[in-house]
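Chemist: Submitted below is the structure of interest, expressed as structure tokens.
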Amino acid sequence: MTQGIKTFLYPVKDGDRAKLFYSTLLGIEPHTDGPYYVGFKIGDQEIGLVPNGLNAPISYIHVADIQKTIRVLLDAGATIGQEIKEVGGGRLIASIKDADGNVIGLLQPA
């Protein structure tokens, strides 16, 4: 059902400062550098910076079929955190909450 946790998004207040920090930390420049998202690719992992977009860091489990995965998780007691939305290039994301309120991101690659 899953391909593992491959995407980590971090909320940032100052995009330029965060970009400099993460470029230094990771030793690479971002592959995507926009006002709403700055992305770094390390192997098969994506590290993303989201200015003013999140309340806390969130990890995304990559899944082959996001709709099916959500149905199965809802049956297992999850609740919807964020409905499915397309975020560019056919990539779909959503989030669910487990019974303890922990947010789990789901990402279906294009």
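Chemist: Could you give me the residue pairs with C-beta distances under 8 Å whose first residue belongs to region 1-26 and is free of Cβ contacts under 8 Å to residues at least 24 places away in the same chain, whose second residue is surrounded by 16 or more Cβ atoms within 10 Å (Cβ to Cβ) and not in a strand (DSSP E or B) wherever it lies, and which are 6+ apart or on separate chains?
Modeler: From region 1-26, the pairs are Ser23/Pro30.
Chemist: Could you list, in sequence order, the residues of region 1-34 that are under 28 Å from Ile70 (Cα atoms) and of a type in the set (Lys, Arg)?
Modeler: Passing the criteria: only Lys6.
Chemist: Let me ask something else about it. If I ask for residues that are outside any helix (DSSP H, G or I) and either in contact with a Pro (Cβ under 7 Å, 6 or more places away or on another chain) or under 10 Å from Pro51 (Cα atoms) (or both), which ones from region 1-20 would you list?
Modeler: Phe8, Leu9, Tyr10, Pro11, Val12, Lys13, Asp14, listed by residue number.
Chemist: If a residue has to be surrounded by fewer than 12 Cβ atoms within 10 Å (Cβ to Cβ) and in contact with a strand residue (DSSP E or B) (Cβ under 7 Å, 6 or more places away or on another chain) to count, how many in region 88-110 make the cut?
Modeler: Summing the residues that are surrounded by fewer than 12 Cβ atoms within 10 Å (Cβ to Cβ) and in contact with a strand residue (DSSP E or B) (Cβ under 7 Å, 6 or more places away or on another chain) in region 88-110 gives 0.
For every residue, the table says whether it meets (1) more than 13 Å from the chain's Cα centre (by Cα); (2) among the aromatic types (Phe, Trp, Tyr); (3) crowded, with 17+ Cβ neighbours inside 10 Å.
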| residue | (1), (2), (3) |
| --- | --- |
| Tyr22 | yes, yes, yes |
| Gly27 | yes, no, no |
| Asp33 | yes, no, no |
| Tyr37 | no, yes, yes |
| Ile42 | yes, no, no |
| Ala56 | no, no, no |
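Chemist: I've got another one for you. Give me the pairs: first residue in region 79-92 and without any contact (Cβ under 8 Å) to a residue 12 or more places away in the chain and closer than 13 Å to Tyr60 by Cβ, second residue in a strand (DSSP E or B) and of a type outside the set (S, T, N, Q), beta-carbon distance under 6 Å, and six or more apart or on different chains, which are they?
Modeler: So the pair list comes out as Val87/Ile93.
Chemist: Being among the β-branched types (Val, Ile, Thr) and within 20 Å of Gly4 (Cα to Cα) is true for just one of Ile28, Ile42. Which residue is that?
Modeler: Being among the β-branched types (Val, Ile, Thr) and within 20 Å of Gly4 (Cα to Cα) holds for just one of Ile28, Ile42, which is Ile42.
We did not get these values from a lab; they are worked out from the coordinates using the rules stated. In this text the structure is predicted, and so the values were computed from the model without any measurement. Note: ideal-geometry Cβ built from the backbone for every residue, glycine included; neighbour counts use all protein chains shown.
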